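**Student:** Got a structure for you, questions after.
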Amino acid sequence: MKRVVRMAVNGETVELLIETNRLLVDVLRDELRLTGTKADCGMGVCGTCTVLVDGRPVSSCLMLACLADGRTVLTIEGLAAGGRLDPVQAAFAEIGAFECGFCTTGMIMSARALLNEDPAPGREEIVEFMAGNLCRCTGYANILRAIGLAAERERHRASEGTPAVPRARGCSSQTGSP
Amino acid sequence: MKPLELVEPTTVREAVAALQREGSKAIAGGTALVQVLKQGLHDFSTLVSLRGIDGLDRITVDGSELAIGAMATLWDVAASADVRGVAPGLVEAVRSVGNVRIRAMGTLGGNLCYADPHCDPPIALLVLGARLVLEGPGGRRSLPLEDYFVGYYETAQAPDEILVEIRIPRPAPGTRAVYLRYTFTSEEDWPCVAVAALAGLEAGAFRNLRVALAGVGARPLVVTGVPTVTPIGEAAEVAGRAAVQAEPVSDLRGSEWYKREMVRVHTRRALEMLVDGAPGTRQR
Amino acid sequence: MTDHSAVGWSWPRTDAPDKVTGRAAYTADLSLSGMVHARILRSPLPHARLVRIDATKARRVRGVRAVLTRDELPRDPAQARYGAVLHDQGVVAIDRVRFIGDPVAAVAASGLDAADEALALIDVEYEELPAVFTPEASLAPGGVVLHPDPREEEMPGTHPVPGTNLCGLTEIERGDVARALEASDDVIEEVYRTPPVHHCHLEPHATIAAWEAGRLIVWTCSQTPFLTRRQLARLHGLAASRVRVVVPYIGGGFGAKTNLRLEPIVSHLARLAGCPVKLVLTHQEVFHVVSKHASEVRIRSGVMRDGRIVARDVEVTLDTGAYADTGPQVAKKCTYTAGPYHIPNMRIKARCVYTNNPPAGSFRGFGLQQMAWAYEGHMDTVAQRLRVDPLDLRLRHLYHEGDRYITGEPLHSIGLRECLEAAAGRIGPARPAPRVSGKRRGRGVAIAMKGAFAPTTAAAWVKLNEDGSATVAAPTPEIGQGAWTVMRQIAAEILQLPPDLVHMAPLDTDVLPFDDGAISSRSTFTVGRAVRDAAVRVREQLLQLAAVHLEASAADLVLRDGRIGVRGADAGVTIPELMRARLGRSGTLFGDAGVRVAGGRVMDDHGGYEVSASFWFIAAGAAEVEVDEETGKVRVLHYATAVDVGRALNPHNCEMQVRGSAVIGLGQALTEHLQSEAGQLLNASFSDYRIPSFRDLPTDLDVVLVETPHRDGPFGAKGVGEVAVTPVAAAIANAVRAAIGVPIRSLPLTPERVLRAMRGQEP
């Protein structure tokens, strides 16, 4: 059975006629060609398909697209407004907080949601919020650093300062808190 | 996935009516149900979404009771100051469910209806003496949560009933609550054993001590036979009682023997935490 | 860094813009016009004869474009079977199914729902056969033989034993082990075991295939595009050049994406359907493709009262599951894995055994994880028996530069002592651990040494474009390790260009030279050398042009920041100016190079020796743990690892590789175990197979990069990726042993296993 679903995806209203049994992740990837959202475990565990619905992070593999009707969806493609990287994206790029990249877009979306909730998260808060996003390549430490850096920058920006940007150079030998 | 119809009622009455139709199933946050749909091992063809029902996600509190609408998301429950004020142990339990995405999507009502015996919130609610408000074609009824869970993924809710609200009596002043969760593998895993405990503390004794266990039976278990006044020094006896009453099975998260041991250890630790006044934490 | 502008410092990863924006395209993100979608029907039985398969009803389902069963495969079994070492695996089941999950048929349809509907309508009749689930049962006399027919060898030299379930049997000996054991003061014998574990790369296997004018084009997440091409060409009876393999970004592999995976099924479906076909495995299916070998390592050491280990006898048994995959090669590699210690008499025998479990194959370390688990646990047992400090025992026996390995090959660039001392130093001196009520603490160390395989070859080319930028064509996939960043750094270093002026050609076998692939941590060392040499050729040409243009001697020219100047003079010219002036408006400079890393038999005055490794890389680990006395749960407080990378061309990338590898090791040490019952996997999903999360990290995890430059590596560099995973489990287990006073010889160190060990029960 098909239904008309209207959602605001990355700031644009889209109207689609889709089967009620389609998942949001498939509609985003196959219908809207927003392939930055990845699909892996299909059970809400890995976090690669994380998108923000009405501002909160969800597993798009567990959401029927028809139940996103009337809601606002933000994917990784909508994050770099006007071609300018979101501070979280910029921090991931600068620190090099990724390897294969398959978890990265979901990580960034979760981190974005975290900073929307809590602009100054401590290490514990970052870990608790991000724990549902899995990475098999990096050992996580640099992802923590990147999120910490993004938070710091946003706070600077909010207080109208010019951020001091530590460059990822040389080898950090300590896990270190962000 | 099999083809599905979707019905979106705007009142509980409409929802109940929709559930009368054969092959109908209510969907709340969908985090568990969509996985069932994916497996294709189901016989329903119509989903009745409860999302459009106004007020079903409300959290209210008065002098005697905390009421959580069944459609309140786990995220909202965990973030609610009202919930934290009345039931800090519940907050800990809810924060332990899945991950942030699951908590943003999943609802407290859905979590109870799913009736997985590993789930965190049910035992925190059991020690609080929570009651459920269910509405069916014949009207509303109130059911103690203890009578709700029947077995693995099985509840006393009729197929055409809707879980409307979870009501939690305000505990007596000075009551302490603990939620203690122990994982066998990753900290992100389902609990091997979880313990919820609630009691007042008076003159070196637990008063009205209630202990419930998750992960060690076909349904969440309330430990029975705990005396109304239990001296703190007898925490080990309560833990022993819990270990005897637990009905664990050997699986990926430990053997039956091991889980029973863990019930003993973590029940005792939960009671120690009650004494220490910690609101509840994951076991590290 | 000092004298280099591009290598030796952490260039930002060049794939960052793609990966943080979601633009990075992985195979599953691609879509071709007219493309249809595939699903696989898998065996529900662990071992059965395929009596009858009827897909008539499936073909009638609306939207179905092709159904592949054994009937659609070439009659000649040689053309219907493939395998990385032995051709033992049918494209789909031919005469038998051999594990639960073995592909039986496949469907291509306009949509996945139609494909699923068709799968359910395929009628299969099985006749169940006896099944074996352990090597012991598999090798019992008179038992069932999984592959009774002779199999062609893709890779000779692993000695399968026809008529048995032994698909690999290799042995190596140096000195006289029997006599040395006899002469020892004491012989210490132990058995160490590891369970099957899964790679858990996040990107599921994905392949798209299309036929165009008799050519097969495949987009696939292959770590080994050229091996994939060669094996696929053979399967279809084509010349290799009639197959084109394109590799987009790969979402991790760790060995699971080598050789052939989905390509045989998808290419046959595309042939039958007459249109492009895409197959992306489900998460649960991925667990059935390939895993790491379960192992049993029996080890006997002859020791002398003065603390010397004089002899060692090792027997390795690997469970490779239903198909050999790379198993026989892994077994052979185990015999080349003698450990980092100079033990004059040593024998290693390795067996690779078929069972009716899902197949096992390459996994980061390629046998070394299993061997290091045994060797390094055993070293602590030996130390205990000899009443010496485990660290001292290790330091005393480590190889030195120039020492002869078990193969006889002389060892070069082995920073063993440096790694071990650095890792152990981070954890602190061997003082008694502090007492915490209800907890026991302990410290442990381990070290492992891996040889990257040899022989191997690589080639690359570099072109200097008319705009002054360079394009590097290096045939190594970007699987997350950062190879493309490092290749660009190497070229940039030689040509003295900034990062944004060095591009990378896409990975396409039509364009690039042959390469063994992103395996065995070989890319930087081997492909990087080819890139270096190719860039040097471009640089030579450039300087020749400049010498003419600037009327100076080539020896006086200085190339820096895209400009060529003359030493001691003001004259100079930028690269684009020079190229325009000397080559016209559309000139290009081009350089190519090939590298051959020797392997196999080398003759010398002493009768020769065998070269098993192109280079050696080393990881040491040191752990401090805390064990809960009541639960047995192990918490790693501190893990320090030191890895000898030769020369860190990109320290950040090295650190990421090491840290990620260490955390995989942590998961395997403490929790990971792909469990099954009678061949049925019990935890084939992330919900039940838990990999480490943000929450599961050690409180501290230190990475130390040790640099022992290799004479042949580009700027002294070696490989990095695999080795850091290998000592982790043993280091942690040795720390647990120190904490609880008893050894645990089977992985993982689950709380229950540890608790039982503490209570003196059988784990």
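**Student:** Name the residue, out of B:ILE27, B:ILE53, B:ILE59, that is touching an Asp or Glu at 6+ places or on another chain (Cβ under 7 Å) and β-branched (Val, Ile, Thr). Explain how you work it out, then say what you get.
**Tutor:** On the way: B:ILE27 fails: touching an Asp or Glu at 6+ places or on another chain (Cβ under 7 Å); B:ILE53 fails: touching an Asp or Glu at 6+ places or on another chain (Cβ under 7 Å).
So the residue among B:ILE27, B:ILE53, B:ILE59 that is touching an Asp or Glu at 6+ places or on another chain (Cβ under 7 Å) and β-branched (Val, Ile, Thr) is B:ILE59.
**Student:** Next up: As an exercise: evaluate B:ALA32 against (1) at the interface with chain A (Cβ under 9 Å from one of its Cβ atoms); (2) more than 30 Å from A:GLU125 (Cα to Cα); (3) touching a residue at least 40 places away in the same chain (Cβ under 8 Å) and give the number of the one condition it does not meet.
**Tutor:** Among (1) at the interface with chain A (Cβ under 9 Å from one of its Cβ atoms); (2) more than 30 Å from A:GLU125 (Cα to Cα); (3) touching a residue at least 40 places away in the same chain (Cβ under 8 Å), the lone unmet condition for B:ALA32 is (2).
**Student:** Tell me the residue from C:VAL595, C:VAL611, C:VAL658, C:VAL636 that is in contact (Cβ under 8 Å) with a residue 12 or more places away in the chain, out of contact with any Pro (no Cβ under 9 Å at 6 or more places or on another chain) and surrounded by fewer than 24 Cβ atoms within 10 Å (Cβ to Cβ), please. Walk me through how you get there before you give the answer.
**Tutor:** Working: C:VAL611 fails: out of contact with any Pro (no Cβ under 9 Å at 6 or more places or on another chain); C:VAL658 fails: surrounded by fewer than 24 Cβ atoms within 10 Å (Cβ to Cβ); C:VAL636 fails: out of contact with any Pro (no Cβ under 9 Å at 6 or more places or on another chain).
Being in contact (Cβ under 8 Å) with a residue 12 or more places away in the chain, out of contact with any Pro (no Cβ under 9 Å at 6 or more places or on another chain) and surrounded by fewer than 24 Cβ atoms within 10 Å (Cβ to Cβ) holds for just one of C:VAL595, C:VAL611, C:VAL658, C:VAL636, which is C:VAL595.
**Student:** Here are some residues: C:LEU674, C:LEU670, C:LEU649, C:LEU583. Which one is surrounded by fewer than 19 Cβ atoms within 10 Å (Cβ to Cβ) and touching a residue at least 24 places away in the same chain (Cβ under 8 Å)?
**Tutor:** On the way: C:LEU674 fails: surrounded by fewer than 19 Cβ atoms within 10 Å (Cβ to Cβ); C:LEU670 fails: surrounded by fewer than 19 Cβ atoms within 10 Å (Cβ to Cβ); C:LEU649 fails: surrounded by fewer than 19 Cβ atoms within 10 Å (Cβ to Cβ).
Exactly one residue qualifies, and that residue is C:LEU583.
**Student:** Which residues, taken from region C:70-112, are surrounded by fewer than 24 Cβ atoms within 10 Å (Cβ to Cβ), over 29 Å from the mean Cα position of the chain (by Cα) and either at pLDDT 95 or above or not charged (D, E, K, R) (or both)?
**Tutor:** C:ARG70, C:ASP71, C:GLU72, C:LEU73, C:PRO74, C:PRO77, C:ILE94, C:ASP95, C:ARG96, C:SER110, C:GLY111, C:LEU112
**Student:** Do we have any residue at all in region B:244-254 that's assigned to a helix (DSSP H, G or I), at negative phi and within 14 Å of chain C (Cβ to nearest Cβ)? Reasoning before the result, please.
**Tutor:** Initially, region B:244-254 is screened for residues assigned to a helix (DSSP H, G or I), giving B:244-245.
Now restrict to residues that are at negative phi: B:244-245.
Now narrow it down to the ones that are within 14 Å of chain C (Cβ to nearest Cβ): none.
Within region B:244-254, none of the residues are assigned to a helix (DSSP H, G or I), at negative phi and within 14 Å of chain C (Cβ to nearest Cβ).
**Student:** Moving on. How many residues, within region C:711-743, are farther than 14 Å from C:THR381 by Cβ, more than 21 Å from the chain's Cα centre (by Cα) and not in a helix (DSSP H, G or I)?
**Tutor:** Here the count works out to 2.
**Student:** Against the condition of a type outside the set (Lys, Arg), part of a helix (DSSP H, G or I) and over 22 Å from C:ARG426 (Cα atoms), how does C:GLN657 come out, does it pass? Please lay out each step first, then the result.
**Tutor:** Details: of a type outside the set (Lys, Arg): yes; part of a helix (DSSP H, G or I): yes; over 22 Å from C:ARG426 (Cα atoms): no.
Judged against the criteria, C:GLN657 is not a match.
**Student:** With respect to C:ALA739, determine if the residue is buried (at least 24 other Cβ atoms within 10 Å of the Cβ) and more than 7 Å from every other protein chain (Cβ to nearest Cβ).
**Tutor:** On the way: buried (at least 24 other Cβ atoms within 10 Å of the Cβ): no; more than 7 Å from every other protein chain (Cβ to nearest Cβ): yes.
Against the criterion (buried (at least 24 other Cβ atoms within 10 Å of the Cβ) and more than 7 Å from every other protein chain (Cβ to nearest Cβ)), C:ALA739 does not qualify.
**Student:** Going through region C:517-567 one residue at a time, which ones are buried (at least 22 other Cβ atoms within 10 Å of the Cβ) and hydroxyl-bearing (Ser, Thr, Tyr)?
**Tutor:** C:SER520, C:SER521, C:SER523, C:THR524, C:THR526
**Student:** Among the residues of region A:94-136 satisfying the criterion of being of a type in the set (S, T, N, Q) and more than 11 Å from chain B (Cβ to nearest Cβ), which is farthest from C:VAL20 (Cα to Cα)?
**Tutor:** A:ASN116
**Student:** Report those strands (runs of 3 or more DSSP E) wholly inside region B:1-64 carrying at least 1 residues which are surrounded by fewer than 16 Cβ atoms within 10 Å (Cβ to Cβ).
**Tutor:** Values: elements: B:5-7, B:24-27, B:46-49, B:59-61.
In region B:1-64, the matching strands (runs of 3 or more DSSP E) lie at B:59-61.
**Student:** State yes or no: is B:GLY225 at pLDDT 95 or above, surrounded by fewer than 17 Cβ atoms within 10 Å (Cβ to Cβ) and in a loop (DSSP other than H, G, I, E, B)? Break it down into steps so the answer makes sense when it comes.
**Tutor:** On the way: at pLDDT 95 or above: yes; surrounded by fewer than 17 Cβ atoms within 10 Å (Cβ to Cβ): yes; in a loop (DSSP other than H, G, I, E, B): yes.
It is true that B:GLY225 is at pLDDT 95 or above, surrounded by fewer than 17 Cβ atoms within 10 Å (Cβ to Cβ) and in a loop (DSSP other than H, G, I, E, B).
**Student:** Does C:PRO748 satisfy the criteria of being more than 14 Å from chain B (Cβ to nearest Cβ), outside any helix (DSSP H, G or I) and surrounded by fewer than 24 Cβ atoms within 10 Å (Cβ to Cβ)?
**Tutor:** On the way: more than 14 Å from chain B (Cβ to nearest Cβ): no; outside any helix (DSSP H, G or I): yes; surrounded by fewer than 24 Cβ atoms within 10 Å (Cβ to Cβ): yes.
For C:PRO748, the condition - more than 14 Å from chain B (Cβ to nearest Cβ), outside any helix (DSSP H, G or I) and surrounded by fewer than 24 Cβ atoms within 10 Å (Cβ to Cβ) - is not met.
**Student:** Still on this structure, I have one more. Please indicate, with yes or no, whether at least one residue in region C:753-763 is within 14 Å of chain B (Cβ to nearest Cβ), surrounded by 24 or more Cβ atoms within 10 Å (Cβ to Cβ) and touching a Gly at 6+ places or on another chain (Cβ under 7 Å).
**Tutor:** The initial filter retains those residues of region C:753-763 that are within 14 Å of chain B (Cβ to nearest Cβ), namely C:753-759, C:761-763.
Now drop any that are not surrounded by 24 or more Cβ atoms within 10 Å (Cβ to Cβ), which leaves C:754-755.
Adding the requirement that they be touching a Gly at 6+ places or on another chain (Cβ under 7 Å) leaves C:754-755.
Looking for residues that are within 14 Å of chain B (Cβ to nearest Cβ), surrounded by 24 or more Cβ atoms within 10 Å (Cβ to Cβ) and touching a Gly at 6+ places or on another chain (Cβ under 7 Å), one finds at least one in region C:753-763, hence yes.
**Student:** Does C:ILE53 qualify as being assigned to a loop (DSSP other than H, G, I, E, B), of a type outside the set (Phe, Trp, Tyr) and surrounded by fewer than 24 Cβ atoms within 10 Å (Cβ to Cβ)? Steps first, answer last, please.
**Tutor:** Details: assigned to a loop (DSSP other than H, G, I, E, B): no; of a type outside the set (Phe, Trp, Tyr): yes; surrounded by fewer than 24 Cβ atoms within 10 Å (Cβ to Cβ): yes.
No; evaluated as a whole, the condition is false for this residue.
**Student:** Can you spot a residue in region C:638-647 that is more than 12 Å from chain A (Cβ to nearest Cβ) and in a loop (DSSP other than H, G, I, E, B)? Spell out how you get there, then give the answer.
**Tutor:** Going residue by residue through region C:638-647, those that are more than 12 Å from chain A (Cβ to nearest Cβ) are C:644, C:646-647.
With in a loop (DSSP other than H, G, I, E, B) added as a condition, the list becomes C:646-647.
There is at least one residue in region C:638-647 that is more than 12 Å from chain A (Cβ to nearest Cβ) and in a loop (DSSP other than H, G, I, E, B).
**Student:** Just one of C:ARG62, C:ARG75 is in a loop (DSSP other than H, G, I, E, B), of a type in the set (Lys, Arg) and either more than 24 Å from C:LEU235 (Cα to Cα) or touching a residue at least 60 places away in the same chain (Cβ under 8 Å) (or both); which is it? Spell out the reasoning first.
**Tutor:** Numbers: C:ARG75 fails: either more than 24 Å from C:LEU235 (Cα to Cα) or touching a residue at least 60 places away in the same chain (Cβ under 8 Å) (or both).
Within the list C:ARG62, C:ARG75, the selection yields C:ARG62.
**Student:** Could you pull out the residue among A:VAL58, A:VAL73, A:VAL45, A:VAL88 that is more than 7 Å from chain C (Cβ to nearest Cβ), farther than 20 Å from A:ALA8 by Cβ, of a type in the set (Val, Ile, Thr) and crowded, with 24+ Cβ neighbours inside 10 Å? Talk me through it step by step, then tell me what you get.
**Tutor:** On the way: A:VAL58 fails: farther than 20 Å from A:ALA8 by Cβ; A:VAL73 fails: farther than 20 Å from A:ALA8 by Cβ; A:VAL45 fails: more than 7 Å from chain C (Cβ to nearest Cβ).
The conditions single out A:VAL88.
**Student:** How many residues are in contact with a helix residue (DSSP H, G or I) (Cβ under 6 Å, 6 or more places away or on another chain) and within 9 Å of another protein chain (Cβ to nearest Cβ) if we restrict to region C:12-52?
**Tutor:** 6
**Student:** For region C:591-607, check the following and say yes or no: at least one residue is of a type in the set (A, V, I, L, M), in a strand (DSSP E or B) and over 30 Å from C:ALA233 (Cα atoms).
**Tutor:** yes
The values are calculated or read from the model by the stated rules, or taken from the named source; none is laboratory data. Quick caveat: nothing in here was measured; it's all calculated off a predicted structure. Glycine gets a Cβ as well: all are built from the backbone with ideal geometry, and neighbour counts include every protein chain shown.
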